[in-house]
1. Using a 1.4 Å probe, how large is the accessible area of A:His241, given in Å² and rounded to the nearest 10?
2. Taking every DSSP beta bridge with both residues inside segment B:3-172, roughly what % is antiparallel (nearest 5)?
3. Which net charge results when you count Lys and Arg as +1 and Asp and Glu as -1 among the other residues whose beta-carbon is under 13 Å from that of A:Ser104?
4. Can you pull the percent of segment C:72-209's accessible area that's carbon plus sulfur, 1.4 Å probe, other chains left in place?
5. So if each residue of separation counts as 0.36 nm, and I subtract the Cα-Cα distance between B:Ala242 and B:Ala316, what length gain in nm does that give?
6. Using +1 on the beta carbon of Lys and Arg, -1 on that of Asp and Glu, and nothing else charged, what's the dipole of chain A about the Cα centre, debye to 20?
7. Determine the percent antiparallel among the DSSP beta bridges restricted to segment C:3-104, to the nearest 5.
8. Enter the Cα centre distance for the pair segment B:68-131 and segment B:186-235, rounded to the nearest angstrom.
Amino acid sequence: MTGSYGADETSVELATGLREFFNEHCGLDRVRAAWSDGSLDLALWGEVAALGFTGALASEEVGGLGVQPEDLVLAIEEIGYSGASLPLVDTAAVVVPIIERYGSAEQRASFLPGLISGERIAASTVMFGGDRAMFAAEADVLLLERDDCLHLLDRRQFSTVEVHSPDPASRLARVSVESSVLSDATRLAAGATDDARGRAVWAASALLNGVSRRMLEMTVDHAKTREQFGRAIGSFQAVKHLIADAWVAMESSRPCAWYAAHACSQGLADAAAAASVAKASASDAARVVGDSALQVHGGIGFTWEHPLHFWMKRGKLLEHAYGSRGFHLRSLGAAMRDDQQGSDAVFPGL
Amino acid sequence: MTTVLVSIELTPSGDVRPGLADLVAHARSIGSPVGVVTVAPGDSASVTERLGAFGLAEVLVAESAAVGAADAEPRVRALVAAAAARNPTAVLIANTVRGRDVAARVAVRLDAGLLLDIVGLHAEGKRVVGEHSVFGGAYLTASTAGDRMTVATVREGSTGEQPSPVTASASALEIDDTTVPTAVITEATEHARRSERPELRTAERVVSGGRAVGSAEGFELVERLADALGAAVGASRAAVDAGYISQDHQVGQTGVSVSPELYIALGISGAIQHRAGMQTAKTIVAVNKDETAPIFEIADFGVVGDIFTVVPALIAEVEARR
Amino acid sequence: MKIITLVKQVPDTWSERRLDPETGRVDRAVSEAVIDEISERAIEAALALKDADKSTTVTLLTMGPAGALDALRKGLSMGADDAVHIRDDALQGADVTITSRVIAAALLRRPWDLVIAGNESTDGRGGVLPAMLAERLGVASATGLDSFELTGGAAGGDLVGRRSADGVDEVLRLGFPSVVSITERMPDARFPNFRGILGAKKKPVEVLTAADLGLTDLHPAVSVVSVAERPPRQAGTRIIDDGSAAAALADFFASRRLI
Ligand SMILES: Cc1cc2nc3c(=O)[nH]c(=O)nc-3n(C[C@H](O)[C@H](O)[C@H](O)COP(=O)(O)OP(=O)(O)OC[C@H]3O[C@@H](n4cnc5c(N)ncnc54)[C@H](O)[C@@H]3O)c2cc1C
């Protein structure tokens with residue numbers, strides 16, 4: 001299922017490559033294992049990094065691949081689809097490109113090579129709400145948002161305390177940093193914060209859309225095979241409608257993530273708005289898809305023997321992380337109110 | 001009657017592959033079979049004697065020092081020389097890995113039409129028509145080389161016919177030993193095979209084990225049922241990949257295609273690629289603990305159960321009723 | 001060492017595969033076209049040699065419709081250097097005689113030491129093409145190899161391969177130039193990494209027609225005379241084992257005179 005919205009050959013090929021890799025290397029048993037022991041699958045992380053994912057958005061001068069953000073959207077979706085829980089979005093889509101753009105020469109030299117090669121893992125508090133970050137305990141590098149500035153810290157400069165995560169395979173931690181640690185040496189150049197927010201949001205939207213796509217696919221399979229009153233439940237009108245609504249929500253969300261990535265890479269004026277639209281619709285789609293998945297499965301997605309459960313929980317986490325639907329709708333509303341020229345300037349591209 | 005050359009494939013120890021019976025049976029349906037065999041110098045008589053048992057009355061024997069050392073080439077030369085001498089309508093060669101090499105080179109050298117993996121052969125006027133079972137038996141197609149000479153590779157086990165023995169007479173075939181580039185065989189060992197167990201390709205009954213068998217030792221269970229039923233032993237690719245049993249037992253898309261009277265699948269899911277090698281069996285029986293396993297879609301008799309309990313009990317039943 | 005790997009695009013074995021009832025050719029419209037798994041392994045075998053000796057070049061060669069470019073792209077993204085695509089509507093439905101003539105002609109256009117092919121494709125299953133090519137080119141061949149290695153240096157060395165087929169294990173030795181075919185016992189193909197995928201587009205793909213190869217009199221040696229579809233099998237009895245399945249099975253065997 002690949003859309004036609006600007007998704008060109010490169011993005012389809014990268015996504016297909018990743019999907020084939022996950023098909024082979026990240027079956028249900030591996031997804032389940034990550035769930036039950038709750039630790040980061042470092043072997044899988046290493047394999048995905050070796051494919052070049054972590055350096056995809058970095059330029060070739062610093063050893064990356066120079067991929068455009070919009071060409072990585074479908075690949076990020078594949079991660080959500082696969083069920084692999086890895087700090088790829090923060091590391092590859094946010095921290096690496098932000099360091100390259102806003103880091104000092106020293107910061108670039110000391111952080112980029114390890115992150116691009118996958119030897120080091122990054123976590124980020126950007127858009128995650130305050131001082132929390134996904135996989136912060138496992139991370140070697142932290143991108144910290146503090147007072148509208150971004151700071152880049154290495155492992156000795158922050159500590160973590162685990163907090164509850166609705167998705168046991170996506171561990172969350174609260175980070176604490178001594179204020180004396182933050183200085184000009186840790187701070188990234190001006191402009192980093194907005195850019196990082198936009199990146200975190202479109203990338204999380206793409207990831208979430210992948211989670212939704214998997215839930216929907218499982219739901220359709222279930223509807224086709226599960227029989228009630230002597231026929232497949234998918235043949236009942238009510239079930240068909242549920243699934244069709246979910247499909248519409250998901251398919252209308254996917255191009256929004258692509259546009260947000262595009263606006264980000266081109267530095268368009270509506271980049272922030274586009275990111276908000278992307279995440280609001282991705283969160284909305286995830287909720288609609290998740291609800292219909294549960295209904296069609298007759299509630300079995302809630303029990304953790306059923307694989308749907310893994311994607312449901314990840315969907316719930318991502319629905320709220322990186323800004324919930326309400327948060328992004330409020331930002332959009334505020335932007336419109338503040339904007340003298342009205343909504344045309346806020347949404348020139350939509 | 002027209003002449004049909006039948007290429008004889010010998011194992012390193014000089015045994016004749018049982019599939020020769022199929023080649024002879026197909027040859028008979030369009031003409032009179034003449035065997036062509038290459039042997040090491042001095043071995044002519046002993047080989048000829050054994051070929052009568054396959055219904056071959058006439059055999060052309062080429063002696064060559066290269067037999068056993070050069071791949072394909074001696075057999076290719078013998079067939080080309082025999083074709084020149086006898087002007088056959090067709091040359092039949094077993095569809096084995098070695099047989100296909102021979103067929104490929106003979107077809108090019110004789111500028112003949114090549115029919116592959118035939119399961120049937122008939123004449124339509126002057127044309128020789130071969131029948132093929134395609135995509136695991138989902139289709140039966142027929143093809144012909146028209147006016148050209150036909151070279152065909154023949155699926156072993158495709159006739160199930162028992163030959164009526166005759167006394168074979170041999171005549172010598174001269175082939176030259178000029179050297180052309182060829183692969184040289186530096187070692188050859190035959191797989192140890194229990195002589196009482198039938199060969200997979202030609203067996204009337206096959207018992208196959210899948211990944212569920214769990215280990216090389218576990219395959220003994222499959223073998224015991226096979227022996228109780230007088231069947232050959234087969235396997236899925238998953239079982240071969242896991243090293244439970246050697247590759248020549250693999251049934252399926254990229255393994256052997258079998259069409260036995262009875263096929264028993266033990267702990268095999270029935271992936272489309274496995275089915276491609278066995279779904280033309282007359283009767284299919286499956287034992288699998290997953291009631292949704294696709295193998296049940298094509299099984300005449302399916303048991304939803306554990307192979308480790310069902311199979312030992314079945315062996316006991318079969319032995320008790322004998 | 002210069003290696004040419006033969007690649008074929010086939011209907012996915014996981015999907016429904018059909019024959020055109022008129023022509024008896026594979027109906028390419030109904031199933032997804034994928035690079036044949038055995039071609040991927042053949043590419044892997046070539047790339048493994050390249051890994052060991054960086055001066056090795058790997059060229060992919062396919063004969064097929066425009067869409068077969070996808071199969072070449074896959075191989076290029078795995079790490080092959082360049083590709084040749086023989087693409088000509090006149091070659092649609094070519095039999096092995098034509099196919100081997102065309103590919104042999106293409107192989108004569110460039111220097112090479114080793115041709116690596118799969119032992120048989122999943123759609124044709126003929127398994128004769130590699131040896132036909134070797135015959136047309138007048139070189140040695142070894143087919144159905146489960147593994148092989150190069151002995152000695154690139155110049156003057158040999159290829160030593162093992163095969164296990166039809167009840168016999170063999171070791172075969174041959175010089176260069178030569179043609180080998182490999183089985184699915186050879187290692188699985190590597191996954192193309194992002195760099196490979198992005199780089200594949202920039203790698204040269206030479207497109208050739210039959211006329212470019214100087215072949216104008218291409219007549220199939222074999223023609224299909226009929227195609228019949230077999231009715232699919234039906235499921236029969238299914239029982240759940242409650243301890244009596246073995247006896248029920250034995251009864252079933254007896255009813256069919258199998259015991
Ligand atoms: C190009 C290509 C070619 C291929 N060629 C072939 C081929 O030639 N031959 C082939 O076989 N495959 C082939 N395959 C592989 C095929 O897709 C399957 O992966 C393979 O057939 C699976 O083997 P299996 O049924 O033994 O294993 P599985 O699919 O893992 O099935 C094992 C089965 O055992 C059952 N089971 C487990 N424990 C027990 C127990 N205690 N009692 C009873 N049942 C139990 C399970 O329910 C399951 O159904 C090919 C694949 C490709 C892509």
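1. Per-residue accessible area (A:His241): approximately 110 Å².
2. Percentage antiparallel, nearest 5: 35.
3. That works out to 0.
4. Carbon-and-sulfur percentage of accessible area, whole number: 49.
5. Extending this stretch completely gives an extra 23.8 nm.
6. Dipole about the Cα centre, nearest 20: 1060 debye.
7. Once the DSSP bridges in segment C:3-104 are tallied, antiparallel ones form about 30 percent.
8. 30 Å
The values are calculated or read from the model by the stated rules, or taken from the named source; none is laboratory data. Everything numeric in this text was worked out from a predicted model, so none of it was measured. Heads up, the Cβs are rebuilt from the backbone with ideal geometry, glycines too, and the neighbour counts pull from every protein chain shown. With ligands, DNA and RNA removed, areas are computed over all heavy atoms of the protein, side chains included. Shrake-Rupley method; radii C 1.70, N 1.55, O 1.52, S 1.80 Å.
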